[in-house]
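Beneath this line is the structure, given in structure tokens, with notes to follow.
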Amino acid sequence: SGALAMVSAFGGEDLDDVRGLCEHALEDGALISERGAGAFASAHVLAGLVTIEEYERALDFTDELERAARAQGSVANVMTATYFRGWIALLRGDLAGSEEVLRPLVDTAVENVMVLLLVTMLWSLTEVIIERPSNEALAAMVESIQLPPPFTEVAGGAWLLSVRGRLRAARGAREEAE
């Protein structure tokens, strides 16, 4: 039900059902009680909650997820919990707070050649990169990334192109932004 909640929220369909689907996925703590703290399903639930602006519930779940992930040794879900905290800060207008939370994830992604995580972080930080001059290095990174060919044909490739276009438009390079 976590994936269904996310897809429904992203598509703007059955929004009244999204919170219930998320709560169903979280019932009894079963989702995060297994090794891996729910793997991708945890991110799906969080994406559903955040998309329908249920920020407090999402933050509560990030705490639960991080505790479970640490207990189980799931680095990926510790990073997932951290990411959603940073994204929520951004959506609430706290650009500095978002940068503080998400920037270490960018560094981790670069150091470990985690392309999808890197592109996701840069996409999430678009407003921060545009609005906060302290992020010139991130803007340069966006311009310099050369994605592997298969990656350019999926959502992650589109996210990077979106960030690149917005940054170019913000600096007045409208033709390059297209």
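The charge dipole of the range 1-117, taken about the Cα centre with unit charges on the Cβ atoms of Lys, Arg (+1) and Asp, Glu (-1), comes to about 400 debye, rounded to the nearest 20. Other residues with beta-carbon under 13 Å from the beta-carbon of D107 carry, at +1 per Lys or Arg and -1 per Asp or Glu, a net charge of -2.
Take every pair of alpha-carbon atoms less than 8 Å apart whose residues are at least six positions apart; their mean separation over the length of the range 1-111 yields a relative contact order of 22 percent. Computed from the alpha carbon atoms alone, the convex hull of the range 80-178 holds 97 Å³ per residue. Positive contributions from Lys and Arg (+1) and negative ones from Asp and Glu (-1), summed over other residues with Cβ under 11 Å from the Cβ of A177, come out at +2. Rounded if a/c is under 1.5, else prolate if a/b is larger than b/c, else oblate: which is the range 120-166, with a ≥ b ≥ c the root eigenvalues of its Cα gyration tensor? Since a/c reaches 1.5 and a/b is larger than b/c, the shape of the range 120-166 is classed as prolate. Helix 115-124 axis versus longest C-alpha principal axis of the chain: approximately 80°, rounded to the nearest ten.
How big is Rg to Rh over the range 51-116, alpha-carbon atoms, Rh as the Kirkwood inverse-mean-distance radius? A ratio of 0.99. For the chain, the residue among V142, C22, S98 whose Cα projects farthest onto the positive side of the dipole built from Cβ charges is V142. Rounded, prolate or oblate: which one fits the range 5-92, using the alpha carbon gyration tensor with axes a ≥ b ≥ c (rounded when a/c is under 1.5, else prolate when a/b beats b/c, else oblate)? Oblate.
Is the chain rounded, prolate or oblate when judged by the Cα gyration tensor, a ≥ b ≥ c being the square roots of its eigenvalues, rounded requiring a/c under 1.5 and prolate requiring a/b larger than b/c? Here the chain falls in the prolate category.
No lab work stands behind these numbers, since they all come straight from the coordinates. As the structure is a computational prediction, the values presented were derived from the model and not from experiment. Here the Cβ is made from the backbone with ideal geometry for all residues, glycine too, and neighbour counts use every protein chain on show.
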